[in-house]
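Let me begin by presenting the structure, written as structure tokens, before commenting on it.
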Amino acid sequence: MAVWQLGRQIRRMRRDWDQRARENARYYVVTGQERWSDEEFYQSGQVMLEEQILNDLPNICQGMDPKDMKVLEIGCGAGRVTRALASFFGQVYAVDISPRMVRLARHAVEGFPNVRVFRNNGVDLGAVREHWWHRFGLGAKLEVDFAFSCMVFQHIPSREIIESYVREVNGLLRPGGLFKFQVQGSSLVEVEPDNTWVGVPFTERDAREMAQRCGFELRYEHGAQDQYYWLWCFKTGKPR
């Protein structure tokens, strides 16, 4: 994809998700119901933690104490999962492309001093690295122990953008660490470059080849051909 086309897609993603945040942020984050109370919304994040984190601790923690772990979340939205992560892990870094979503996420994690939420540029994790440099000095390297993303990449219509994020995570994740995330698995979707709601689909082969290019081993996968196709990618080396 040409650079100008990629930039156009990123601008559209930011604009569309900001508009969704303005209209009904919680609905667009998780479409199970149109109206969510605070209790319901944050409880849904706790359910995600229980089903996808607490049930998978050997792969995620690998013997570490969760309170000693640094965790990265891609696409935090209004902060429903971010808040749950912050209650369990020692430090949480979260990013989102939408300025309005970032404000909502920061509000959601008020009272959690172990969380930092950043607005990123929609394609990399420079905002997180810059924060670390400002705090500890240029050249200081942040290393996270686990990275997580849910209900995010299913909405990205560009394989280049998704792969860019996977490569960026590799640069921050410790060797052997896990990046657990979802992509669109259904081959029945119709993907259009300007549609920021329907993401590009991945087959198992697509996912495995992307993982290898980005310095990961795709060790497990679940939900192929489903909208919520889970991938367990363990860092093995540097991207090619």
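We did not get these values from a lab; they are worked out from the coordinates using the rules stated. Only a predicted model underlies this, so the values are computations on that prediction, with no experimental measurement involved. In this analysis, Cβ positions are derived from the backbone assuming ideal geometry, glycine residues included, and neighbour counts consider all displayed protein chains.
Structure data summary
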item	result
Radius of gyration and Dmax over the Cα atoms of the chain, both given in Å	16.7, 48
Net charge of Cβ neighbours under 13 Å - reference Arg219; Lys, Arg +1; Asp, Glu -1	-1
Hull volume in cubic angstrom per residue (convex hull over the Cα atoms of segment 146-200)	72 Å³
Length-normalised contact order of segment 3-235 in % [C-alpha pairs under 8 Å, at least 6 apart]	16 percent
Aspartates and glutamates with Cα under 14 Å of Lys70, excluding same-chain neighbours fewer than 8 positions away	Glu143, Asp145
Cut-off under 5 Å, modelled amide H: who pairs with Cys76 long-range	Val95, Asp96
Within straight-line cross-link reach of Lys141, aspartates and glutamates at Cα separation under 18 Å, skipping those fewer than 8 residues along the same chain	Asp68, Glu73, Asp124, Glu130, Glu168
Ranking of Asp16, Asp226, Asp65, Asp96 by count of other Cβ atoms within 10 Å, fewest first	Asp65, Asp226, Asp16, Asp96
Charge sum, other residues only, whose C-beta stays under 13 Å from Val95's C-beta, Lys/Arg counted +1 and Asp/Glu -1	0
At most 11 other Cβ within 10 Å, DSSP loop - GluC sites (Glu not before Pro), segment 107-159	Glu110
Max mean-square fluctuation residue, GNM over the chain, Cα-Cα springs under 10 Å, options Lys70, Lys141, Lys180	Lys141
At 0.692 mPa s and 37 °C, Stokes diffusion of segment 111-162 via Kirkwood alpha-carbon radius, µm² per second	248 µm²/s
Nearest-20 debye value, segment 137-176 charge dipole, Cβ charges on Lys, Arg, Asp, Glu	40 debye
Principal axis dimensions, largest first and in whole angstrom, of segment 133-240 by Cα	47, 29, 23
Top positive-direction residue, dipole computed over segment 54-93 with Cβ charges, set Gly63, Val81, Gln91	Val81
Cβ-based net charge around Asp206, under 14 Å, with every Lys or Arg adding one and every Asp or Glu removing one	-1
Dipole of the chain, positive direction: furthest Cα of Tyr27, Ile53, Ala211, with charges on the beta-carbon	Ala211
Considering only segment 3-235, percent of DSSP beta bridges that pair antiparallel, nearest 5	40 percent
Simple Cβ-charge dipole of the chain, Lys/Arg +1 and Asp/Glu -1, about Cα centre, in debye nearest 20	900 debye
The chain, helix-only ellipticity at 222 nm - DSSP H runs n ≥ 4, -39,500 (n - 2.57), divided by all residues, nearest 500	-13000 deg cm²/dmol
